[in-house]
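Working notes, structure below.
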Amino acid sequence: MLAGQVGFDPAAGKLAAGGATGEARQAMANIVAVLADCGASIADVAKTTIFLTDLSDFGAVNEAYGEAVGEYRPARSTVQVAALPAGASVEIEVWAYRPE
């Protein structure tokens, strides 16, 4: 399991610009980077959970998520939460499995 990732841009030292869409893109970029460091990829993800502070952002976040996963579609659930770390509006966590 990969810990939940908010859209924190490590180069800028703050949340990515562009609201929920920008944060979702950055969160997915962070996930791809961590998976790569572990020798894995999006294709190894079995389940994703997306946490949103406002479900009205679902469409935009879904589009950004789709850009990151491409044709691969792991199981996914999306829930609305009251708040997220660092004032983020999106947090994404993944369960990945890579057989040895």
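Throughout, read-outs are computed from the coordinates displayed, never taken from laboratory work. None of the values given here were measured: they were computed from a predicted structure. With ideal geometry, Cβ positions are generated from the backbone for all residues, glycine too; neighbour counts draw on all protein chains shown.
Seen against the Cα atoms of the chain and their longest principal axis, helix 19-37 is set at about 20 degrees. When the alpha-carbon atoms of the chain are used, the pair Rg, Dmax equals 12.6, 40 angstrom. The angle separating the long axis of helix 58-69 from the principal Cα axis of greatest extent in the chain is about 30 degrees. Our note on the geometry: Cα centres of the stretch 76-95 and the stretch 1-39, 12 Å apart. The modelled label-to-label distance for the pair Asp9/Ala43, using points 7 Å beyond Cα in the direction of Cβ, is 3.1 nm.
Helices in the chain, meaning DSSP H runs of at least 4 residues, each add -39500 (n - 2.57). Divided by all residues, the mean residue ellipticity at 222 nm is -10000 deg cm²/dmol.
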